[in-house]
Amino acid sequence: LTDLEHVHSEQAWGALQVNKTVEGRPISLDGEEFRYGLGVHAYSKNTFKLEKNFEWLEATIGLDDESACGDGAVFNVYTDGVKRYQSLKLYSRDKQKIWISVSGASSLDLVVDEGENMDCDHAVWANAWLRRVNK
């Protein structure tokens with residue numbers, strides 16, 4: 001996913017970061033470092049154009065370790081404007097692996113909704129991969 005050009009990006013603070021946190025640091029979720037991923041701030045919405053042969057989105061989601069003062073964020077995945085996934089509210093030491101169908105979709109929106117303290121909700125879509133249909 002880090003190789004795809006995003007077609008739209010909006011954030012409460014900062015800009016979408018590729019392979020680093022929203023503050024430009026290495027990505028780390030609950031002490032586990034990740035080489036690849038997208039660093040964003042909650043609130044954020046990032047839209048990607050998809051080729052038709054992608055079938056699955058796989059990622060590890062959570063608030064980066066630099067977000068110790070954050071009060072949680074909710075991760076959402078939309079394809080062609082339809083919500084396909086919504087996480088529970090994740091906090092600073094939480095991380096979750098997701099596997100979401102994107103089969104047939106032409107657009108992908110990764111949305112993170114903020115908690116009450118938007119100063120610290122640094123969200124990460126770590127190791128975000130799109131799997132192709134094998135035909």
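State which residue pairs qualify: first residue farther than 19 Å from Leu108 by Cβ and inside the stretch 1-26, second residue part of a loop (DSSP other than H, G, I, E, B) and open to solvent by less than 40 Å² (accessible area, probe 1.4 Å) in any location, beta carbons under 7 Å apart, and separation of 6 or more residues or different chains.
These pairs meet every condition: Ala12/Ala42; Gly14/Val22; Thr21/Asp64.
Determine whether the stretch 24-45 contains at least one residue that is over 16 Å from Ala126 (Cβ atoms) and not polar (S, T, N, Q).
For the stretch 24-45, residues over 16 Å from Ala126 (Cβ atoms) and not polar (S, T, N, Q): present.
Just checking, how many residues over the stretch 85-102 are modelled with pLDDT of 95 or more and either open to solvent by less than 80 Å² (accessible area, probe 1.4 Å) or of a type in the set (Phe, Trp, Tyr) (or both)?
Number of matching residues: 8.
Going by the structure shown, is Asn76 modelled with pLDDT of 95 or more and open to solvent by less than 10 Å² (accessible area, probe 1.4 Å)? Before you say what the answer is, go through the steps one by one.
Numbers: modelled with pLDDT of 95 or more: yes; open to solvent by less than 10 Å² (accessible area, probe 1.4 Å): yes.
So Asn76 passes the test.
Aliphatic (A, V, I, L, M), surrounded by fewer than 22 Cβ atoms within 10 Å (Cβ to Cβ) and at pLDDT below 95: which single residue out of Val82, Val7 fits that description?
Val7
Do we find a residue being open to solvent by less than 10 Å² (accessible area, probe 1.4 Å), without any contact (Cβ under 8 Å) to a residue 60 or more places away in the chain and not in a helix (DSSP H, G or I) anywhere in the stretch 39-57?
no
Quick test for you: out of Leu130, Leu29, pick the one residue that is open to solvent by less than 20 Å² (accessible area, probe 1.4 Å) and either at positive phi or not β-branched (Val, Ile, Thr) (or both).
Residue meeting the stated conditions: Leu29.
The values are calculated or read from the model by the stated rules, or taken from the named source; none is laboratory data. Nothing here was measured: the structure is a model prediction, and the numbers come from that model. Note: ideal-geometry Cβ built from the backbone for every residue, glycine included; neighbour counts use all protein chains shown. What goes into the accessible areas is simple: the full protein's heavy atoms, side chains included, and nothing from ligands, DNA or RNA. Shrake-Rupley method; radii C 1.70, N 1.55, O 1.52, S 1.80 Å.
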